[in-house]
Amino acid sequence: MAVGASTTPWVSKQVFLDGEAVASLFVFLRLAIRAKSFRKLFADDFLVVLSWVCSLTCCAIWQIGSRDLYDQYKLTTGELMPTPEVLARERRLLHGTVAFLWLYQTCIFGIKASFLVFFRRLDNHHEGLRKKWYWFVAVVTLIGYITAASAQQYKCLLSSFEYIFTQCANEASLASEHKLFAYQCAIDVITDLLIITYPIIMLWNVRVRLKKKIAPMSLFSLTVIVMGTSIVRVSVTPTAHSQVDLSWLYLWYKLEMSVTLLVSSLAAFRQLYVTQSNNTRSPRVKSSSTSSVLKRLFSNERSQAYAVAVPPPVHRAKTSEEDTLPLKTIHVTHYVSISNAPSRDTMQDPEHGYRDFPSLQHQE
């Protein structure tokens, strides 16, 4: 990392703790809502938990290493002597920085993966061109994670102190660092835009009212907030002619992680609202549901039902004993075929974890 001009932190430890507390609260609410609504967690929930663990670990790294962050400034200016103890703390700080940056990328792309997994589970028409586009977005996202996490100034983090203090504070190093930040931001924004396109394509030809299409599209478009945070983070990074306080830079790293976790939890809050609304209208739903089942059972479009009772010919006998028909000679057969097509209005399949999105049946 580039050596800054500050000798006192701009951001206190408490700010990082507060941001992590808010993000953790939203994640816990998401998990509670999922458990209450569907009685289990899904793959995208576990990816969110993974991202939350990465964010929590980054917060812990900052709390441990921030007190040693500004010693490098004092070492450069000669205010602090490079004793073995001081150098050991600085080495620990640099190693912690490498871990922080990798965990940051894992957190951000873990949330991206959770959205992809959620959209895949939501889509019941995953074939053809849409399937190819989904895997294209998934592969680009994976490559973006690997390249963004690898694009770090490792020479200025893991090299000798002599190299760090002499080569990592000049204009060329600062310009190179700014280019790396810009590249990471571009990868972040591009992958977010690609991920947003999938639900839009998925809902484009759904046979529902436009109002019901706009609601989930608006929900997915909240990732624009994350993209804005990433762009702002790059705007405060050092350039060839300016330097930045490192605590301020790491604050934006942590802020982006927290905002990403918040956005990923908002979909669960809508699911809670829909679930509660359905419970409130449960008597009507039960009645209409029963009526719907009967209509489907005897509908010419979705079911065929045949009830045939074919007794053998009965001839009037002269005596009452002969007039009695044995029950074993009666054969009653029912043939019932019911389509399992999803409802056109809502998707209420607790096995797939969604109750508030329109059925993805395309126009014929």
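Miscellaneous remarks
- A Stokes-Einstein calculation at 4 °C with viscosity 1.567 mPa s, built on the Kirkwood radius of the range 28-132 over Cα pairs, returns a diffusion coefficient of 77 µm²/s.
- Filter on 36/132; 74/155; 36/254; 40/254 - keep pairs with C-alpha separation over 32 Å: 36/132
- Subtracting the Cα-Cα distance of residue 135 and residue 22 from 0.36 nm times their residue separation leaves 37.3 nm of extension gain.
- Percent of C-alpha pairs per 5 Å bin in the range 28-87, short distances first: 4, 15, 15, 12, 10, 9, 8, 7, 7, 7, 5, 3, 0.
All of the numbers you see were taken from the coordinates with simple rules; none came from a lab. Note that the structure is predicted; figures quoted are calculated from it, not measured.
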